[in-house]
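Participant: This is the structure I want to talk about, given as structure tokens.
Just so it is clear, none of the values below were taken in a lab; they were calculated from the coordinates. Quantities reported herein were computed from a predicted structural model and do not represent experimental measurements. Note: ideal-geometry Cβ built from the backbone for every residue, glycine included; neighbour counts use all protein chains shown.
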Amino acid sequence: MRTDPRRSGGHAVEVAEGTWAWLQPDGSWGWSNAGLVTDGDATLLVDTLYDLDLTRRMLEGFAALGAAPIDTVVNTHSNGDHCNGNELVADARIIASAATADEMGDESPELMVALLEAAPTMGVTGEFFAQCFGAFDFAGITPTPPHETFSGRLELNVGATRIDLVEVGPAHTRGDVLVHVPERRTVFTGDIVFSEGHPILWEGPVDRLLAAFHLIRSWAPEVVVPGHGPLTDLAGIDRIDAYVRYCRDTFFAFYDEGMDVETAAREIRLDRWAGWGDPERIVIMADTCHRDWVAARHGTRPERTPVTELFAAMARWWDERREPAPPTRRG
């Protein structure tokens, strides 16, 4: 595991009465957000973190605020940076969508350990992969699936506070769930929303993501807690909505011209979002839009592209654009 100052940077921010976000810098690969809703001694945790130490620090941070032990956990989706710490709250009631539960086995901590060990032999792909994930400790994690699943909608109560779980996947993954706290005008989005970072749409279609944005707007929250990046609001939803629509329309035009996915990812202009992190993720958006384009033009949407192929393509994109190392001085 590579030493990284971000490991000690997680902190709680109160976003409404009895409601906190746990924010990690800088929202990049694996540096996810989580949340806590309390009402008296009742507690609901939204997501765990990528490894046990990070999750333990978060739980200790919430306890230091006076929060009671965790009663209920909601995993917003299946990616490990939102559920790898579940074993530390295994005594709680863990809930996820049925699609999320089915998908959790696709990304195992053991696989991440193996890939990081193999990274030095994988060329540019391994170098890129290690840069993304080398700061996390995947050893010794026991995958802990949800105890309960649902499809569509589920209403919970944390004390007297209503929580609405709404399944909006497939979008980022197959089973994404929004966690809405109506009385406190707060929504925890999981990776439906990335704030100040290029979004990831592993599954799609794009229209499902746009529909999720529309639903969030209809709730008129004051605070949107994204899956990654700083807190945002409806203006932030508008910004990511504009990004996604621009990408979809531009990539569809490119594919109508006969362009392939990697060329399209190189050619698209993203100047309006030049300050957003992890621009190599445009490769994933290009790939998802291509599958949507095939469905629109030919009636059948291709299967999801293997993640290994997408990381190899992102590594090539990243390698072409990174600044060269300074020359070695002699003398």
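Participant: Just how large is the dipole of the chain about the Cα centre, in debye to the nearest 20, putting +1 at every Lys and Arg Cβ and -1 at every Asp and Glu Cβ?
Facilitator: Its charge dipole is roughly 680 debye.
Participant: Could you work out the pair-distance distribution P(r) of the range 229-331 from its alpha-carbon pairs, with 5 angstrom bin width and percents rounded to whole numbers?
Facilitator: With a bin width of 5 Å, the distribution comes to 2, 11, 19, 20, 18, 13, 8, 4, 2, 2, 1, 0, 0.
Participant: Show me 78-84, 315-321, 47-53, 60-66 ranked by packing, highest mean number of other Cβ atoms within 10 Å first.
Facilitator: 78-84, 47-53, 315-321, 60-66
Participant: Taking the Cα centre of the range 235-331 as the origin, how large is its charge dipole in debye, to the nearest 20, when only Lys and Arg (+1) and Asp and Glu (-1) carry charge on their Cβ atoms?
Facilitator: Here the size comes out at about 320 debye.
Participant: On to the next question. Restricting to the range 176-293, what percent of DSSP beta bridges are antiparallel, rounded to 5?
Facilitator: Roughly 45 percent of the DSSP beta bridges within the range 176-293 come out antiparallel.
Participant: Output the Kirkwood hydrodynamic radius of the chain, Cα pairs only, in Å rounded to one decimal.
Facilitator: 20.3 Å
Participant: Now for a separate question. Restricting the count to DSSP beta bridges whose residues both fall in the chain, what percent are antiparallel, rounded to a multiple of 5?
Facilitator: Looking only at bridges with both residues in the chain, the antiparallel portion is about 65 percent.
Participant: May I pose another question? Putting +1 on Lys and Arg Cβ atoms and -1 on Asp and Glu Cβ atoms, find which of Ala212, Ser151, Gly197 reaches farthest to the positive end of the dipole of the chain.
Facilitator: Gly197
Participant: Now for a separate question. Run the numbers on the range 51-180 and let me know its relative contact order in percent, using alpha-carbon pairs under 8 Å that are six or more apart.
Facilitator: 28 percent
Participant: Connecting C-alpha atoms closer than 10 Å in a GNM of the chain, tell me which of Leu154, Leu54, Leu209 has the biggest fluctuation.
Facilitator: Of the options given, Leu154 has the highest mean-square fluctuation.
Participant: Using helices alone, what [θ] at 222 nm do you get for the chain, with -39,500 (n - 2.57) per DSSP H run of 4 or more residues, divided over all residues and rounded to the nearest 500?
Facilitator: The helix contribution divided over the chain gives -11000 deg cm²/dmol.
Participant: Report the semi-axes of the equivalent ellipsoid for the range 32-99 in whole Å, largest first, where each axis is √(5λ) for an eigenvalue λ of the Cα gyration tensor.
Facilitator: So the equivalent ellipsoid measures 18, 14, 9 Å along its semi-axes.
Participant: Scan around Gly204 for amide H atoms under 5 Å from its own, H built in the peptide plane at 1.01 Å from N, and keep only partners 5 or more places away or cross-chain.
Facilitator: Placed amide hydrogens put Ala171, His172 under 5 Å from Gly204.
Participant: About the Cα centre of the range 76-188, what is the dipole size in debye to 20, counting +1 per Lys and Arg Cβ and -1 per Asp and Glu Cβ, all else neutral?
Facilitator: In debye, rounded to 20, the range 76-188 gives about 480.
Participant: If I fit a long axis through the Cα atoms of helix 123-133 and take the longest principal axis of the Cα atoms of the chain, what angle between them do I get, 0 to 90°, rounded to 10?
Facilitator: Helix 123-133 and the main axis of the chain meet at about 20 degrees.
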